Amino acid sequence: MDDRGNQGETDPVITSLIRRIEAGDLAAAGSLIQRFQDRVFRSFLKRGCSHHDARDLAQETFLGVIKTLHTFDPHRSRFEFWLSGISRNTFLQWVRTTSRQAGHLEKFSELQKAQGSGVDESVGVDDGPFDLDEEESRSTQLETYITMLGKKLREAMELAVRGMASDEIAEVLGISRAGVRARLRAATRKIRKIYEREKRRCDRDTEFRS
């Protein structure tokens, strides 16, 4: 669902539905949802969601629409553009809150090699500040580092380690493929710095205790 052209006003029919919803008309809410339901559902399928998850996310999107509809001005923007922003935020929130997916470490390693960023393959894998004997611990460490990134870098990396291609990430974030690659390069460099900082801290703590 990619409606980047937000110029102009919302269609009068949709504006009328919005005004009726704001007045408490439940039938109007149903009509608005029905009008865009399939479009939103398909947008989540394009992002790699299962049919079950896509249905849940579409429902969550429309709940967000109803809750925040009072903030939308149909005379300043197209409803489709505003709706795409809510669906995008819903998807990104889902990515952050779903349980860990197998293969994150492998995806991160592949990403480093593809970028040729010089990031050591030991980032988040060996000799870190946590117990890294088990793969689950290494995955947890990587996820911790990702949460320490700034919003833009974190979003790009969260999508990348889930296996999304750069063009898919670009569609979700509303940026160019070049922009995606730049954010991922910056994110891997930042993760290396975090890793090295945490490792130095761990080494100092070990020396202090000994």
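The values are calculated or read from the model by the stated rules, or taken from the named source; none is laboratory data. Just so it is clear, the structure is predicted and the values come from calculations on it, not from any experiment. Don't worry about glycine lacking a Cβ; one is built from the backbone with ideal geometry, like all the others, and counts go over all protein chains shown.
Got at least one residue in segment 96-117 being at pLDDT 80 or above, within 30 Å of Glu60 (Cβ to Cβ) and among the aromatic types (Phe, Trp, Tyr)?
no
If you scan segment 25-49, which residues turn out to be under 16 Å from the mean Cα position of the chain (by Cα) and not in a helix (DSSP H, G or I)?
Those that are under 16 Å from the mean Cα position of the chain (by Cα) and not in a helix (DSSP H, G or I): Arg47, Gly48, Cys49.
If you check Ser16 against the conditions, is it under 30 Å from Ala156 (Cα atoms) and of a type in the set (Ser, Thr, Tyr)?
No, not satisfied.
So, Gly64, is that one under 21 Å from the mean Cα position of the chain (by Cα) and outside any helix (DSSP H, G or I) or not?
Spelling it out, it is not the case that Gly64 is under 21 Å from the mean Cα position of the chain (by Cα) and outside any helix (DSSP H, G or I).
So which residues in segment 155-170 are surrounded by fewer than 20 Cβ atoms within 10 Å (Cβ to Cβ) and either closer than 15 Å to Arg88 by Cβ or touching a residue at least 24 places away in the same chain (Cβ under 8 Å) (or both)?
Once the filter is applied, which keeps residues that are surrounded by fewer than 20 Cβ atoms within 10 Å (Cβ to Cβ) and either closer than 15 Å to Arg88 by Cβ or touching a residue at least 24 places away in the same chain (Cβ under 8 Å) (or both), segment 155-170 yields Arg162, Gly163, Glu168.
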